[in-house]
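The values are calculated or read from the model by the stated rules, or taken from the named source; none is laboratory data. Predicted, not measured: the structure shown is a model, and the values here were computed from it. Glycine gets a Cβ as well: all are built from the backbone with ideal geometry, and neighbour counts include every protein chain shown. SASA here: full protein model, heavy atoms, side chains in, ligands and nucleic acids out. Shrake-Rupley method; radii C 1.70, N 1.55, O 1.52, S 1.80 Å.
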Amino acid sequence: MTHPMPTNPVPTNPMSTNPVPTNAVPANPVPGSGPNPPVPAGAPRTRIGRRLAELRARGEKALIVYLVAGDPDPETSLALLRAVAGAGADVIELGVPFSDPLADGPVIQAGTARALRAGMTPAGVLDLAARLRAGSPEVPLALMTYVNPVLRMGYRRFCAAAAAAGVDGLIVPDLPHEEAGELREAARAEGLDLIPLVAPTTPPERVAAVVREAGGFVYCVSLTGVTGPRETLPEGFIPLVAEVRRHTELPVAVGFGIATPAQAARVARVADGVIVGSALVRLCGEGLPPERLVEEAAALVRGLKAALKANAQGQPPAESA
Amino acid sequence: MTVRALSQPDARGRFGPYGGRFVPETLMPALVELEAAYREAQADPAFQEEFRYYLRHYVGRPTPLYYAEGLTRRLGGAKIYLKREDLCHTGAHKINNALGQVLLARRMGKTRVIAETGAGQHGVATATVAARFGLECQIFMGAEDMRRQEPNVFRMRLLGAEVVPVETGARTLKEAVSAAIREWVTHVETTHYVIGSVVGPHPYPVMVRDFQSVIGREAIEQIQAAEGRLPDYVVACVGGGSNAMGIFHPFSAYSEVKLVGVEAGGLGLETGRHGAALTAGVPGVLHGCYAPVLQDEHGQIREAHSISAGLDYPGVGPEHAYFRDAGLAEYATVTDAEALAAFRLLAETEGILPALESAHAIAYAARLAPTLPRDAVILVNLSGRGDKDIFHVMAHLAGAGAGAGSGGPAGGRGERAGSPVDGKEGGAK
């Protein structure tokens, strides 16, 4: 028997300069779907910021809709994205399916698993984004992705491919601000917003640090927990939104646990935007025929948007919160 | 004898490029608080004294360093010593860390602890210490591991812990860790998460290593007393890597001691079905730290495979990756079949049943010893005992007929035995 002593020849990849060969660039780059054009300093840089500013000027609240890319399958997913954009979603948050979604509850875990089984990859997500962008040139689009798929492609390469696909921003739930410097730089170079998350457990001094270099909006996690519909929403987000507003002029959106029009309306009394995800992803898991699924998703989005509009008419704007 | 400085993470919790904190924002304040509480406890002689007291009187330390004369004679080469962590209370090194973390949790005012477990050893250790100190305890365990390690499931329940089956993915350790992290995110204000290995976000890798370093510190003294010198090799199995780092870290001061970590080769590296993150992984983020991990070209984490539930994990501790890159340790692999053969070899030559995890280290030593002169010394960390594995091993030996030992020194005399685990799946739920 030989004396094996394999010293590992596996190269260690510097975190951001890692050109792993993948089909990162969308297969069909769409003309006119490029990165956001340069804008004057101080103004919102992306479609996300511009849309939220317009809504705020009108005293309206944003409906931000999350779907898992490729759930339940790539074609239905594209139809869903187009339908929710048409039904009144102000911002689309497109989830990049990842094998180990630590911040997600059972509903989105299941959606992620469906998308992965249907063959979705990060490159496939960017392709889907580009196809959505081709038909909806104005809809603000953020990718919600865990950090590992981005690391694997390389931060710079991922951001370049995302910008080329017409993506406006990134939300990375497992990248706290201490670890976000390199990705923020790569995103900024491509004109992408890196949207930070704050949680009810985040102490005030930390909120200031987290939002300092934010782009697009600030994502307030409504509750101490993972994503998923809740019967009742805890009140912890109210002081959190107020705390965030002390440190930034950026719009503030609240997500996690918001599933019904009534919950959305309640959150919209204090926030600039309401993020709804699991309620839609749950629909995707019901095994409906594609047309029916698309219809029901659009109806859900219309109902949520209507609740936000009714609320805006009956309530003073959020600045008073 | 050159004495090197021992490695420490930087302020961001990085060992070289590895480590860090990649967790949801909800957990960040808890990690900052934990780090501060740990540093404070570390500097507090009263805490250290309490930890030492329970290590001695409750865990049963120091564990012996045993000259394995029968094994040495059978292999016909270097002298083999075993660091008998299998003789710790609860049967594995895991309790060193569980004790340290539960004492810390109590000091922080937490009333509840949670933990993940693969082989069940860390779950049993945590449930044991939680029972001793009156903390509520919940253990997350993959449903497949509950089947493989049924005796440990029963033990945890007897100790008053709630064992939560995890049914997602491959239903093994990776999913158990994910489920525990989600539980922690939800109850972070009252609950301490007792991570069982040198993995996860900072400060876990350094904290778990420090609690486990008692193994290496004792072994240095004991081998000096027995041989009047340090060993030529220190060998330990590596899943997440806590028993290995616990023995390696103190020895890493001495450049003449070669440190070898043994990863799970599973069905063979070429099959892709293994648990060898350092040997075949690519750096990435899993469960809160940046370290080598088994993943595909899209950045999806791959399922690991090992006959041993405790090594069935696609990631590895960041400090091991640093040790590898810095040349402080080398890492090899041992297959399922070799580990099984080594399990029998140690039983036959020493009357000791090793845990299947530890059998990987024995298998490596069995390969290495015959290539070395008789005055060479190999120290193997026998991290746990194998009682928990006997039904699983019996089923494998029965399933493999006589062919347990491909390349192993024990040969194979697999007895035809009815598998006592068949039909019992989930029976204790």
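Roughly how many percent of the accessible protein surface of the range B:265-358 is carbon and sulfur, given a 1.4 Å probe and a whole-percent answer?
Looking at the range B:265-358 in its full context, I get 51 percent from C and S.
As an exercise, use a Förster radius of 51 Å and the Cβ-Cβ distance of B:Met108 and B:Asp325 to find the FRET efficiency, rounded to the nearest 0.05.
0.90
Mind checking the per residue accessible area of chain B for me, 1.4 Å probe, whole number of Å²?
31 Å²
Could you work out, residue by residue across B:295-308, how many beta carbons of other chains sit within 10 Å of that residue's beta carbon, and then give the average as an integer?
Shielding by partners across B:295-308 averages 5.
Computing the accessible area with a 1.4 Å probe over protein heavy atoms, can you report the carbon and sulfur percentage for the range A:121-223?
For the range A:121-223, the apolar C and S fraction of the accessible surface comes to 49 percent.
Using θ = phi - 60° and the Karplus curve 6.51 cos²θ - 1.76 cosθ + 1.60, what whole-Hz ³J(HN,Hα) does each residue of the range B:19-32 get, with Gly and Pro shown as x?
x, x, 9, 10, 9, x, 3, 3, 8, 4, x, 5, 5, 5
Near the amide H of A:Val254, under 5 Å away, which other amide H atoms are found, from residues 5 or more places off or on another chain, if H is placed in the peptide plane?
A:Cys220, A:Gly273, A:Val274, A:Ile275
Checking an interface number: how much accessible area is buried between B and A, summed over both chains, with a 1.4 Å probe, in Å² rounded to 100?
Interface between B and A: roughly 4300 Å².
Mean shadow of the range A:154-195, computed from the convex hull of its alpha carbons, in nm²?
Averaged projected hull area, Cα only: 2.6 nm².
Beyond 35 Å, what share of the Cα-Cα pairs of chain B remains, rounded to the nearest whole percent?
Tail fraction, whole percent: 21.
Which residues, if any, in the range A:146-167 have at least 50 Å² less accessible area in the whole protein complex than in the isolated chain, probe 1.4 Å?
Going by heavy-atom accessible area, the residues of the range A:146-167 that drop by at least 50 Å² are A:Asn148, A:Arg152.
Which distance in nm do the two modelled labels at A:Lys309 and B:Val32 give, with both placed 7 Å along the Cα-to-Cβ direction?
If labels sit at A:Lys309 and B:Val32, their model points lie 4.2 nm apart.
What is the spin-label model distance, in nm, from B:Glu40 to B:Ala225 if the labels are put 7 Å beyond Cα along the C-beta direction?
3.7 nm
Mind ordering B:248-256, A:268-276, A:285-293 by average Cβ neighbours within 10 Å, highest first?
A:268-276, B:248-256, A:285-293
Over 10 Å intervals from 0, what percent of Cα-Cα pairs in the range A:250-295 sits in each interval?
Once binned at 10 Å, the Cα pair distances of the range A:250-295 give 26, 40, 26, 8.
Leaving out ligands and nucleic acids, and using a 1.4 Å probe, what accessible area per residue does the range A:170-321 come to in Å²?
Ligands and nucleic acids excluded, the figure is 39 Å² per residue.
³J(HN,Hα) across the range A:141-152 via Karplus (A = 6.51, B = -1.76, C = 1.60, θ = phi - 60°), whole Hz, x for Gly/Pro?
9, 10, 9, 9, 9, 5, 6, 4, x, 6, 4, 5
With the solvent-accessible surface defined on protein heavy atoms using a 1.4 Å probe, which residues belonging to the range A:77-106 display a reduction of at least 50 Å² in accessible area in the multichain context relative to the isolated chain?
So the qualifying set is A:Asp100, A:Leu102.
Which cross-chain or sequence-distant (5 or more) residues have an amide H under 5 Å from the amide H of B:Gly13, H modelled 1.01 Å from N in plane?
Those lying under 5 Å, H to H, from B:Gly13: there are none.
Can you tell me the Rg and Dmax of the range A:149-221, counting just the alpha carbons, in angstroms?
12.2, 37
Along each of the three principal axes of the Cα atoms of the range A:186-228, give the extent in whole Å, ordering the values from largest to smallest.
Here the Cα extents, ordered largest to smallest, are 33, 27, 14 Å.
On the protein heavy atoms, probe 1.4 angstrom, tell me the percent of accessible surface of the range B:102-244 carried by carbon and sulfur.
So the carbon and sulfur contribution to the accessible surface is 51 percent.
Which whole-angstrom value gives the distance between the alpha carbon centres of the range B:149-221 and the range B:287-350?
Taking the Cα centre of the range B:287-350 as reference, the centre of the range B:149-221 is 17 Å away.
For A:Asp71, enumerate residues with amide H under 5 Å from its amide H, sequence gap 5+ or separate chain, H modeled in the peptide plane.
none
Show which lysines lie in cross-link reach of B:Lys94 when reach means a straight Cα distance below 18 angstrom and same-chain residues fewer than eight apart are skipped.
Straight-line reach from B:Lys94, under 18 Å: B:Lys83, B:Lys174, B:Lys388.
Residue by residue, what Karplus-based ³J(HN,Hα) values in Hz, rounded to whole numbers, does the range B:43-52 have, using 6.51, -1.76 and 1.60 with θ = phi - 60° and x for Gly and Pro?
Going residue by residue, I get 8, 9, x, 5, 5, 4, 5, 4, 4, 4 Hz, with x marking Gly and Pro.
Could you calculate the contour length gain from B:Ala398 to B:Glu136, that is, 0.36 nm times the residue separation minus the distance between their Cα atoms, to one decimal place in nm?
Extending this stretch completely gives an extra 90.3 nm.
Using the Kirkwood radius over Cα pairs, work out the Stokes-Einstein diffusion coefficient for the protein assembly as shown at 37 °C and 0.692 mPa s, in µm²/s as a whole number.
122 µm²/s
At a probe radius of 1.4 Å, what is the per-residue accessible area of A:Val267, in Å² to the nearest 10?
Answer for A:Val267: close to 0 Å² accessible.
Figure the gain on full extension for B:Tyr53 and B:Glu162 (residue separation times 0.36 nm, minus the Cα-Cα span) and round it to one decimal in nm.
36.5 nm is the gain from fully extending B:Tyr53 to B:Glu162.
Sum up the charges of everything whose Cβ sits under 14 Å from the Cβ of B:Glu330, counting Lys and Arg as +1 and Asp and Glu as -1, but leave B:Glu330 out.
The answer is 0.
Per-residue ellipticity at 222 nm for chain B, helices alone: DSSP H runs ≥ 4 residues times -39500 (n - 2.57), over residue total, nearest 500 deg cm²/dmol?
For chain B, the value works out to -12000 deg cm²/dmol.
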